[in-house]
Protein chains: 2
Amino acid sequence: MIQFSINRALFIQALTATKRAISSKNAIPILSTIKIEVNPSDITLTGSNGQISIENTIPVSNENAGLLITSTGAVLLEASFFINIISSLPDVSLEFKEIEQHQVVLTSGKSEITLKGKDISQYPRLQEVSTENPLILNTRLLKSIIAETAFAASMQESRPILTGVHITLSQHKDFKAVATDSHRMSQRLITLDKTSADFDVVIPSKSLREFSAVFTDDIETVEVFFSASQMLFRSDYISFYTRLLEGNYPDTDRLLMKDFETEAVFNTQSLRHAMERAFLISNATQNGTVKLEIEANRISAHVNSPEVGKVNEDLDVVSQAGSDLTISFNPTYLIEALKAIKSETVKIHFLSPVRPFTLTPGDDEESFIQLITPVRTN
Amino acid sequence: MIQFSINRALFIQALTATKRAISSKNAIPILSTIKIEVNPSDITLTGSNGQISIENTIPVSNENAGLLITSTGAVLLEASFFINIISSLPDVSLEFKEIEQHQVVLTSGKSEITLKGKDISQYPRLQEVSTENPLILNTRLLKSIIAETAFAASMQESRPILTGVHITLSQHKDFKAVATDSHRMSQRLITLDKTSADFDVVIPSKSLREFSAVFTDDIETVEVFFSASQMLFRSDYISFYTRLLEGNYPDTDRLLMKDFETEAVFNTQSLRHAMERAFLISNATQNGTVKLEIEANRISAHVNSPEVGKVNEDLDVVSQAGSDLTISFNPTYLIEALKAIKSETVKIHFLSPVRPFTLTPGDDEESFIQLITPVRTN
C-alpha cells in the first residue's frame, strides 16, 4: 500500500496541471477522479475527460519534489476535493499513506486528514499511441500557432469537423495549420528545420487550448506522436493525449486568392479599438454589422443600430491604394483576427463588397493569412 | 441642451462609483439608467436601485476634471452601456453634446458616437434627508466597523430585521454597531470624540457593504444624516442614501455574559487555517460540524464525514486556562469571525458545550466582541 512524502507546493503544481483534463461534471463519474500511481522511482498522476488525458510524472530525481517513496501502489481520489485538501495543509511537505480499503491518510504539520479513495480497476484505460519517430516542435512556436488559428474554429457542433484545427505536414517539412468556422479562416505556415513523416489530422481546438495551458513556456520542446484516432504531445514529465476529429476537412486553399482591388494598411491596435467601439453599438442589433467606406485618402467606419445609436469614425490609415469600396461585416471577426496579429501594422486586401477580404501582418505576408467573409447589405 | 467637455478617465471614475447603486436587472426599467444633470458649475450623476441611491458631483473647480460646461440640461442614459461606450473612446477627453429628442453625441478623437437617451421626467425623485447637525465619522473607522459587523447579519429574508446592522448612539457619545443572524453575533463599540444627538437605526448590511466600496480611503471623513426611513452618508462630492429597515431589533445585550469556565488564546491565522481544513471535510456532510476537544495542555479539532473522510488536528495554543470541555459548531462561523479580527491573537471564552462562546481580539477585550452558538451533538 502506498506511502510517500513530497514537497507540497510541487505536488499541488503537478495536480493542478493534471486537473485540466478533469471535469467535475463528467457524465462518467469515475472521470472526476485523479489516478495516483506510485512506482519505485516516480509518481504518475493521470486525469481524463474522455476527450483529452494528461499524465504527469514526478520522478524521485527531481530535487524540488523532495520525493521519498517508501511503498508503491495506486489509488483514485476525487480530483477537486483532493487538490483543495492538499492546498489547505499547513506544512511545506506532506506524507501520503494508504491504509485499509483505499483509505488515504495525509499528514502535514499537526494536521491529519483521512480520505476515502477508490479502486483503480474502475478507471478506463487510455488509448495507446506508439512513441516512435517523434515530430519535435518548439513549444513556444506551437503555442503561437495555436493562438493564431484555434480561435477561428467553429464553436458549434452542427459541423463537428469545423470545431477542429486542420494540421498537415507535406513534403516532409511544410507544416500548415488552418481553422475556419465558414465565416472566417486563419492559416499559419511554417517550414520545419528537420524533415519528418507527412501527416494530416484535425485536432479539436479545445484540446489545443488546453495544451497551451498545460505546457508552460519553460518546456522548450515537445514531441508529437500520432495514431489513427489519437495524438500525443509529450515533454519530459507530461504526456498530453487528445482524440482526433474524424471526417474530411474542407479544402481551404481554394478560398485564398492573390487578386485584390483595394489595399489598406492600418495600425493593428488602433483599428482593433475602433472595431471594439463599433461592436458596442452593432451588438445592440441582431446580426449587427459595421460598414467600412474606403474613399481616396479617407477610410471611415459606420454603424447604425436604430434602437440605441450610431458610430461614425475616421480610421487612422498607414497607407492605402486601389479602388474605392464599401463593405460590411461583423466587427467581432475583425476584432478577433486583429488580436491574433502581433505585428504593429496589418495589411488588408479587398476584392469586392461580396468577396472575402484577407488580413496579413505588416511584417509577414507569406506565412500567416486570415480571411473574413463580408455580410451583404442593401 | 447639454454641452460639455471633460477628462475621460475622471468621468469614468465618477460614472463607475455611481453605477454601484444601479442594477441592470432592476424590475423598474428606468432604474437601469444613470441621470446626468449639467448645472452651470458642476455635473451631478445619479444612480439608484430603490434601496440605495448615489449622487456624485463633479465641480468645474476640480482641476483634474478638465470640465468645460457650455450649456446645461439633464438626460437619462442606459448606465452600463453608456459606461462601456465612454470607456471605449480613444482620446484623453471627450465632448458630450445633446442634440434633438434626448439624443447625445459623444466626440473623442476621430470617433463620433450617437446615443439615444430618455427624458428625466420619468426618473423617480429620491427621498430627501434633512442635512442639519451632521454626525461626523472618520471614513476608515466607519469602514472597519462595517467590516467587523456586517458579515454577521442574516442573508435570509425570513426575519428581515436581521439582514441589517443595528447602529445606535447613546449618552451622546457611545456608538454601538451590532449584527446577528441568530447563530452568531458581532458587536463593536466606540466612544465618539465629539458628542452628537442619540439615534437608533437598523441599516441593511448590503447598503453598508456598498458604502465601503463607494467611499474610498482618501475621503477622510463622512457626514451622516438621518430621516425616519432613510439615511445619508455625505462627503464633498458623494451623497449616498440608503433606506432603513423598519421594526424592532432584538435585544442583543442579554446574550453577552462575563462568566466563563474555559479560556483559550490562539494565533488568529493559525486557528483560521485549521478551521478552513476542517470545513473542507465538514462541508461534505449536511450541517457538518467540527468538534473542539479542550483538555489540559492540549486542544484538538475533529471532523468526521462518513462519506468522504475525517480530520484530526492538534491546534497551536498560545495559552489556556480553566476546565476541560468538548464543544461542536459550524466551522464557517468561526472562520468568518476570525477573518474580522485584525489582532495577531484571539481569546475565546467557553462556558459550557451548549452555551454560546465569545471571541475577542487578543489586544482589545472591551470594544469588539463576537459570539458563536454551538451545535448540540450526541
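The values are calculated or read from the model by the stated rules, or taken from the named source; none is laboratory data. In this text, all values refer to a predicted model and were calculated from it rather than measured experimentally. So basically every Cβ, Gly included, is an ideal-geometry build from the backbone, and we count neighbours across all protein chains shown. Side chains included, ligands, DNA and RNA excluded: accessible areas come from the protein's heavy atoms. Shrake-Rupley method; radii C 1.70, N 1.55, O 1.52, S 1.80 Å.
A:Glu128: part of a loop (DSSP other than H, G, I, E, B), surrounded by fewer than 21 Cβ atoms within 10 Å (Cβ to Cβ) and either touching a Lys or Arg at 6+ places or on another chain (Cβ under 7 Å) or not assigned by the TED database to the domain that holds A:Glu78 (or both), yes or no?
Taking the combined requirement at face value, the residue satisfies it.
For the stretch B:262-281, which residues satisfy the criterion of being within 12 Å of chain A (Cβ to nearest Cβ) and either surrounded by fewer than 23 Cβ atoms within 10 Å (Cβ to Cβ) or in contact (Cβ under 8 Å) with a residue 40 or more places away in the chain (or both)?
B:Asn267, B:Gln269, B:Ser270, B:Leu271, B:Arg272, B:His273, B:Ala274, B:Met275, B:Glu276, B:Ala278, B:Phe279, B:Leu280
Would it be correct to say that A:Glu100 is within 14 Å of chain B (Cβ to nearest Cβ), open to solvent by 60 Å² or more (accessible area, probe 1.4 Å) and modelled with pLDDT under 95?
yes
Looking only at the stretch A:39-81, count how many residues are part of a loop (DSSP other than H, G, I, E, B) and either closer than 16 Å to A:Pro124 by Cα or within 13 Å of another protein chain (Cβ to nearest Cβ) (or both).
3
Taking B:Ile36, is it under 23 Å from B:Glu100 (Cβ atoms), within 14 Å of chain A (Cβ to nearest Cβ) and among the β-branched types (Val, Ile, Thr)?
Spelling it out, it is not the case that B:Ile36 is under 23 Å from B:Glu100 (Cβ atoms), within 14 Å of chain A (Cβ to nearest Cβ) and among the β-branched types (Val, Ile, Thr).
Would you mind telling me which numbered condition in (1) open to solvent by 40 Å² or more (accessible area, probe 1.4 Å); (2) without any contact (Cβ under 8 Å) to a residue 40 or more places away in the chain; (3) not charged (D, E, K, R) A:Gly47 fails?
(1) is the only condition that A:Gly47 fails.
Quick check: is even one residue across the stretch B:182-199 open to solvent by less than 60 Å² (accessible area, probe 1.4 Å), without any contact (Cβ under 8 Å) to a residue 40 or more places away in the chain, more than 25 Å from B:Leu31 (Cβ to Cβ) and not hydrophobic (A, V, I, L, M, F, W, C)?
no
List the number of the failed condition for A:Phe96; all other conditions in (1) of a type in the set (Phe, Trp, Tyr); (2) over 30 Å from A:Asp193 (Cα atoms); (3) in contact with a helix residue (DSSP H, G or I) (Cβ under 6 Å, 6 or more places away or on another chain) hold.
The one condition A:Phe96 does not meet is (3).
Select from the stretch A:289-342 the residues that are open to solvent by 20 Å² or more (accessible area, probe 1.4 Å) and of a type in the set (Phe, Trp, Tyr) and list them in ascending order.
A:Tyr333
Does the stretch A:128-155 hold any residues that are basic (Lys, Arg) and farther than 24 Å from A:Thr252 by Cα, and which are they?
A:Arg140
If a residue must be open to solvent by 30 Å² or more (accessible area, probe 1.4 Å) and either touching a residue at least 24 places away in the same chain (Cβ under 8 Å) or aromatic (Phe, Trp, Tyr) (or both), how many such residues does the stretch A:51-72 contain?
11
Residue under question is B:Asn84, and the condition is that it be within 14 Å of another protein chain (Cβ to nearest Cβ), over 21 Å from the mean Cα position of the chain (by Cα) and not in a strand (DSSP E or B); does it hold?
When the stated conditions are applied, B:Asn84 passes them.
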